[in-house]
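What follows is calculated from the coordinates using simple rules that are stated; it is not laboratory data. Keep in mind it's a predicted model, so treat the numbers as computed, not measured. Cβ placement follows ideal geometry from the backbone for every residue including glycine, while neighbour counts extend to all protein chains displayed.
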């Protein structure tokens, strides 16, 4: 077997910006393991569970903004990557997935660890590449190496995302013990990147259309924290009186008077008030919008025009009102128009701001004397974060609670993450752990018990970072199903939806060497947080136990009081 092209893979990856590779043990992938492990400038992480490994790689890439390599052996091992790859695809996170395989003649011949691996991830990768099995002649080796340049360039280009390279190996595939995995003249193809630009005529037409409408609204989906974007959007908002809606995952909480409490009022306002808030021009950017209420509102109270700003990739018509796509970056767009477009109607902006301010007062008053429960607990946690940290939110009720509560504008250096590409609970812990490996500050995961225990293999390795902090909200079941109207009324609710469990995080913390804290009261939480944030060279878990029925009662009470608040006829008047 000609090992040289295989040894060159790691060098090609490094030359094109890869610094990290996540490997899972196997046999058929031995040549790849040797190639990456013996490369002096690539960090390798051995993660036994492939599903966890893929989410850890996702978290690393998410934080570093660089492609990360994943390496699996043949057979079902590769299939375990699928949930994280789907998440990476919809979040546009670049992963380079390398799967070892049997030669084609042994597929479907009852050979061990052999499945159909070509195009195994379907439409959830940007492209799937199939390597030649015989690379002994020069042309085959040239083709083999070219594939890796093509794949890495594609993963990191435009709308980023995962790519898959399937690599069949013939036996024997174990190199000699003393063999040197040196790179020799690895062929690398670089791609130059250019930003899309609009012509002067295009900008003039946009300004003319903008000025046709008086009620303009900006809605931001999930995106990374950008200080530059914060500044320009904050300036536009202030100068042009434009209401800006940004949920917690928009990472726009530092903008003064941003509308972030829309979930408190958008579901319960009467039709007259909803029509007053209806935009004429809707401008959106970012990925998915978390708020179901906001999506429902904008689908039923459609704007006359809807612009979506997105430089690359397919465009989603989330609100069923899209009229124009603008293929530039949001920073470029807002910088170009902030000084030349007309102001929005002042009273329109003030209406949104009035509802926002009333909502903030309501939510803070609600939690003051409330009994111990998850909702109030998250309010306390989000009000007592370190000034600089990364916060990961697991799916289900955790991210929904946090989105309603929001984050103070004083937390300018805090960035929030959540796996909202597919919105699954699988892999939340692994993603946060992977992100912590690349972060130079505290990385906090707030998670429910179902998501946490589902992903317990996130700790089954030797790379647990000391800056990792995990808060587990343990109500011993899937509490969201006690709040959703459908399953909450079914006799199967307890066993088949809530799926009660009796596990505690203490045993897991002891098993994997994490410092453990526990609380079941507000006072216990305050005391626990003081110790929890201290950086003493140990990863930590804080487990907060509560009762599903109490959590349900409190949240339903919150919704009921919010509805009563907005039924008062004097509220919302400017």
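Before moving on, here are some points about what is shown:
- Counting only alpha carbon atoms, the long axis of helix 227-240 and the longest principal axis of the chain meet at about 30°.
- To the nearest ten degrees, helix 82-91 and the longest principal axis of the Cα atoms of the chain are 50 degrees apart.
- Placing a pseudo-label 7 Å from each Cα along the Cα-to-Cβ vector at residue 273 and residue 314 gives an inter-label distance of 3.8 nm.
- Packing-based ranking, highest mean first, of 464-475, 342-353, 423-434 given that Cβ atoms within 10 Å are counted: 423-434, 464-475, 342-353
- Taking other C-beta atoms within 10 Å as the exposure proxy, 543, 271, 280 rank 271, 280, 543 from fewest upward.
- Among 87, 511, 235, 485, sorting on how many other beta-carbon atoms sit within 10 Å of each Cβ, with the fewest leading, yields 485, 511, 235, 87.
- The fraction of all Cα pairs in region 326-461 landing in successive 5 Å bins from 0 to the largest distance is 2, 8, 14, 15, 16, 15, 13, 9, 6, 2, 1, 0, given as whole percents.
- When you restrict to C-alpha pairs under 8 Å that are six or more residues apart and normalise by the size of the chain, the relative contact order lands at 14 percent.
- What separates the Cα centres of region 281-352 and region 491-565 is a distance of 37 Å.
- Hydrodynamic estimate: the Kirkwood radius of region 370-562 over Cα pairs, inserted into Stokes-Einstein at 20 °C and 1.002 mPa s, corresponds to D of 126 µm²/s.
- Whole-number D in µm²/s for region 200-358 (Stokes-Einstein; Kirkwood sum over Cα pairs; 20 °C, 1.002 mPa s): 137
- The convex hull built on the alpha-carbon positions of the chain has an orientation-averaged projected area of 28.5 nm².
- The peptide list 530-539, 214-223, put in order of mean Cβ contacts within 10 Å with the highest first, becomes 214-223, 530-539.
- Cα-only radius of gyration and Dmax that characterise region 255-331, units Å: 13.1, 38
- Crossing angle, helix 522-532 versus the chain [Cα axis fit, 0-90 degrees, rounded to tens]: 40
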